[in-house]
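Notes follow the structure.
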Amino acid sequence: MVLEGVSAWHGGVQVLHGISAAFRPGRLSVVLGPNGAGKSTLLRVCLGLHPAGAGEVRLLGRPLQAWGRAALARQVAWVPQRPGAAEGYTARELVLMGRTPHLGLLGLTGPSDAARADALLAEVGLSGMGDRPVEALSGGEQRLVLFARALAQQASGVLLDEPTAFLDVRHQVALLERARGLSRSGGWGVAVLHDVNLAAAFADDVLLLRGGRVLAQGSVAEVLTPALLGDLYGVPVVRAQADGQWLFAAKAG
C-alpha cells in the first residue's frame, strides 16, 4: 500500500498533512506518535473509512476508490480499537463476520466456518468462549476477538489500531508475533502502537507521526534512535541493549 501526499480533515480541522508512506509486502510496519498525532485517522484513510481530502492511496497499484468494498475486504483486514456495534453478538458470531467477503450472495456461513471461528478463538487464547456475548468480555478479550475476526478474513494485509491495549504481556507478544508472521509469509501489516519497546522487538519498518506529519520512516535501526524519539515525544529518551534487543525509556529529570 502506498500513500502519496495524503491530507485529511476532521470537522474543518486538518489532521493529516501531506503524508507519503509505503507499507511493503513481507514487512510489519509500526506507526508511533503522541496522542492526537493522527495515527488512527491514517489507518482509517487507508481503509477508505475516512476520506482523503488530498493525495492518493493505492493498493496493488490501483487507487483505493477503484476497489469495491467486498474486493477491498478480501485484501485488507481491520482491527479497530473497539468492537463497535457488537452488542447482542457472541464472540463466535463476531469472528464469523470476517468471512463475509468470501461468502456467496446469501451470505450464509456453514459448519466449516463455525469450526474455523472456534479454532481462531482458541489460537488467540479464547478457547471455549465462542458463545460468550461480546459485551460480557473484558477489553483485552474483545481486542483478541477482533484480531481473530481479522484472521478469519484471510486478507493479505492487516491494519491494527492499538491492538495490544488492555492485553497482558503474554498476549501482546503472541498477537504481534502472529501479525509479524502473517507479514513475513507474503502479506503485510501496519500496527499503531504506543509502546516503543514492542515496536523495537517486532517491527520491520517504523513510521513516526507527529502533528499529522511524517517525522521519519525507515527501518528500526534508522528510526528508533534517542534523538528522533526525543523529538517525537518531547522528552529525553535513553537507549540500552540487553541480549541483543534495544530497550528505550524516558530519561528521568
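The values are calculated or read from the model by the stated rules, or taken from the named source; none is laboratory data. Bear in mind that the values here come from a model prediction, so they are computed numbers and not experimental data. Don't worry about glycine lacking a Cβ; one is built from the backbone with ideal geometry, like all the others, and counts go over all protein chains shown.
With the structure loaded, tell me whether THR109 is among the hydroxyl-bearing types (Ser, Thr, Tyr), over 18 Å from LEU193 (Cβ atoms), over 19 Å from the mean Cα position of the chain (by Cα) and not in a loop (DSSP other than H, G, I, E, B) or whether it fails that test.
In short, no.
For segment 184-203, does any single residue satisfy the condition of being crowded, with 20+ Cβ neighbours inside 10 Å and hydroxyl-bearing (Ser, Thr, Tyr)?
Checked against the condition, which is being crowded, with 20+ Cβ neighbours inside 10 Å and hydroxyl-bearing (Ser, Thr, Tyr), segment 184-203 yields no hits at all.
Would you confirm whether any residue within segment 202-213 is at pLDDT 95 or above and under 22 Å from GLU141 (Cα atoms)?
Scanning segment 202-213, I find at least one residue that is at pLDDT 95 or above and under 22 Å from GLU141 (Cα atoms), so the answer is yes.
Please find, among LEU167, LEU121, LEU175, LEU159, the residue that is part of a helix (DSSP H, G or I), under 18 Å from the mean Cα position of the chain (by Cα), under 23 Å from LEU94 (Cα atoms) and aliphatic (A, V, I, L, M).
Only one candidate qualifies: LEU175.
At pLDDT 95 or above and surrounded by fewer than 18 Cβ atoms within 10 Å (Cβ to Cβ): does that describe GLU87?
no
Name every residue in segment 132-157 that is among the β-branched types (Val, Ile, Thr) and more than 17 Å from ASP168 (Cβ to Cβ), in order of residue number.
Here is the first cut: in segment 132-157, the ones among the β-branched types (Val, Ile, Thr) are 134, 145.
Of everything in segment 132-157, just one residue is among the β-branched types (Val, Ile, Thr) and more than 17 Å from ASP168 (Cβ to Cβ), namely VAL134.
Only one residue in LEU120, LEU96 is among the aliphatic types (A, V, I, L, M), in contact with a Ser or Thr (Cβ under 7 Å, 6 or more places away or on another chain) and either buried (at least 19 other Cβ atoms within 10 Å of the Cβ) or closer than 24 Å to LEU42 by Cβ (or both), so which one is that? Before the answer, list the steps.
Numbers: LEU120 fails: in contact with a Ser or Thr (Cβ under 7 Å, 6 or more places away or on another chain).
One residue alone meets the criteria, LEU96.
Any idea which residue in segment 124-146 is surrounded by the fewest Cβ atoms within 10 Å (Cβ to Cβ), counting only those that are assigned to a helix (DSSP H, G or I) and hydrophobic (A, V, I, L, M, F, W, C)?
ALA136
Does LEU43 qualify as being closer than 18 Å to GLY157 by Cα, under 15 Å from the mean Cα position of the chain (by Cα), crowded, with 20+ Cβ neighbours inside 10 Å and at pLDDT 95 or above?
yes
Can you name the number of the only condition in (1) at pLDDT 95 or above; (2) surrounded by 21 or more Cβ atoms within 10 Å (Cβ to Cβ); (3) of a type in the set (Gly, Ala, Ser) that SER20 fails?
Against the list (1) at pLDDT 95 or above; (2) surrounded by 21 or more Cβ atoms within 10 Å (Cβ to Cβ); (3) of a type in the set (Gly, Ala, Ser), SER20 comes up short only on (2).
Report, by residue number, each residue of segment 218-227 that is surrounded by fewer than 19 Cβ atoms within 10 Å (Cβ to Cβ) and closer than 30 Å to LEU182 by Cα.
Within segment 218-227, GLY218, SER219, VAL220, ALA221, GLU222, THR225, PRO226 meet the criteria.
Without any contact (Cβ under 8 Å) to a residue 12 or more places away in the chain, over 26 Å from PRO83 (Cβ atoms) and assigned to a helix (DSSP H, G or I): is that true of ALA227 in this structure?
In short, yes.
Here are the criteria: (1) within 30 Å of ALA203 (Cα to Cα); (2) in a helix (DSSP H, G or I). Tell me which single one ALA114 does not satisfy.
(1)
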